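Report on one structure; see the data block that follows.
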Amino acid sequence: MKILVTGAKGQLGYDVVKEGEKRGFVMIGSDVGDCDLRDEAAVHKIVNSVRPDIVIHCAAYTAVDQAEREQELCYDVNVNGTKYVAAAAAAVGAKLIYISTDYVFDGTGDAPHSVEEVKNPVNYYGLTKSLGEDAVMAALERCFIVRISWVFGSNGNNFVKTMARLGREKEELSVVSDQIGAPTYTPDLAALILDMAATEKYGVYHAANSGFCSWYDFAVKIMELSGLTAKVKPILTKDYPTAAARPRNSRLDQTKLKKNGFSVLPPWEDALRRYLTVLK
Ligand SMILES: NC(=O)c1ccc[n+]([C@@H]2O[C@H](COP(=O)([O-])OP(=O)(O)OC[C@H]3O[C@@H](n4cnc5c(N)ncnc54)[C@H](OP(=O)(O)O)[C@@H]3O)[C@@H](O)[C@H]2O)c1
């Protein structure tokens, strides 16, 4: 099986390539240096030359706050780029796996969002990811949309690395306690994505490590498991203003994964423990 991975230098793409190689697949990783997704001809060129069986589209403009003032660039990568990837995959008869986000939801209520729930993004990045989903579904039937949340992995910056650094530098940190969701560890998710790739069970899925927490709970656990003594103070979203609004409830209902015979990812605390061991 030959698999083309976009965003191969990002957190998730990096681990998807690694996991595929471990399974003996031919993995071709691409990133902005060899193919800028805003360039339609370049996207068709790489897909036509690789002729993959599957495209795993991990690349995206992911600077959520910056996106509010760089809307054109964000749209170009996340909507137009995704349209080009989807059209190119369809043209060579490849399946497509598109990675999406909890930010397609407005985050009201406390219950996990189901895959059928009507989307209502609260920020510009979320809107472009949602339009990217629509573009994929319009271009080909053999597609998976996998919505994930709160990503952390070895290859890039994330909340865990930031908290561990701040925990070493400061005696006290303030972290929002009124946004809940589930962290997603990229090696765990990469394994699930490659399991999906081997099937024809197309559709929209939600995936994250099991359980849920607030950013505050997550930070407390990071300090505890890292042996750091910095005190974590809970604060409210209204006291931590950001350029882009965040959904208050990012929980994702994963019933569909189980129903279709896929394994739900291990508990987030277990994933965090493994990640901190790798970081050491
Ligand atoms: N991070 C999260 O918490 C989170 C949560 C939910 C969903 N997601 C989704 O999960 C996927 C993977 O996220 P991630 O955290 O692995 O992202 P990431 O680390 O930011 O990686 C994204 C990759 O895409 C590349 N890219 C950006 N613009 C491009 C362009 N014009 N052409 C080609 N490549 C381009 C980036 O290159 P540069 O670094 O050089 O720009 C980077 O290597 C994304 O689709 C994201 O929307 C992420």
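Every number here is computed from the coordinates shown, using simple stated rules; none is lab data. Since we're looking at a predicted model, the values are computed, not measured. Here Cβ is always computed from backbone atoms with ideal geometry, including for glycine, and neighbour counts include all displayed protein chains.
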**Selected from Asn123, Gly181, Leu228, residue furthest toward positive end of dipole (segment 122-228; charges at beta carbon)** = Leu228
**Listed residues Leu37, Leu12, Met1: farthest to the positive end of the dipole of segment 1-42 (Cβ charges)** = Met1
**Prompt:** So, with +1 on the Cβ of K and R and -1 on the Cβ of D and E, and no other charges, what is the size of the charge dipole of segment 9-74 about its Cα centre, to the nearest 20 debye?
**Reply:** 360 debye
**Prompt:** Roughly what % antiparallel, to the nearest 5, for the DSSP beta bridges in the chain?
**Reply:** 5 percent
**Prompt:** Amide H to amide H under 5 Å from Asn209: which residues, 5+ apart in sequence or cross-chain, H placed 1.01 Å off N in plane?
**Reply:** Thr184, Tyr185
**Item:** Straight-distance crosslink candidates among lysines, where the alpha carbon sits under 19 Å from Lys221 and sequence neighbours closer than 8 are dropped
**Value:** Lys161, Lys170, Lys231, Lys233, Lys280
**Fill in**
Karplus-derived 3J(HN,Hα) from phi for segment 179-184 (6.51 cos²θ - 1.76 cosθ + 1.60, θ = phi - 60°), whole Hz, x at Gly and Pro, runs 10, 10, x, 9, x, 10
**Message:** Rounded, prolate or oblate, given the Cα gyration tensor of segment 168-280, with a/c below 1.5 counting as rounded?
**Reply:** oblate
**Request:** List, largest first, the extents of the alpha carbons of segment 7-59 along their principal axes, each in whole Å.
**Result:** 31, 23, 14
**3J(HN,Hα) from dihedral phi, segment 10-24, Karplus parametrisation 6.51/-1.76/1.60, rounded to Hz, x for glycine, proline** = x, 4, 6, x, 4, 6, 5, 4, 4, 5, x, 5, 4, 8, x
**Asked** Given H placed 1.01 Å from N in the peptide plane, which residues other than close sequence neighbours of Val175 have an amide H under 5 Å from its amide H?
**Response** Lys233, Ile235
**Asked** Mind listing the phi-derived Karplus ³J(HN,Hα) values for segment 101-112, rounded to whole Hz, using 6.51, -1.76 and 1.60 with θ = phi - 60°, and x for any glycine or proline?
**Response** 9, 4, 6, 6, 9, 7, x, 7, x, 10, 6, x
**Asked** In deg cm²/dmol and to the nearest 500, what is the mean residue ellipticity at 222 nm of the chain if only DSSP H runs of at least 4 residues count, each as -39500 (n - 2.57), divided by the residue total?
**Response** -11500 deg cm²/dmol
**Prompt:** Can you give the angle from 0 to 90° between the axis of helix 215-226 and the longest principal axis of the chain, with both taken from C-alpha atoms, to the nearest 10?
**Reply:** 80 degrees
**Message:** Order 175-184, 160-169 from most to least packed using the mean count of other Cβ atoms within 10 Å.
**Reply:** 175-184, 160-169
**Request:** Mind jotting down a quarter of the surface of the convex hull over the alpha carbons of the chain, in square nanometres, one decimal?
**Result:** 13.9 nm²
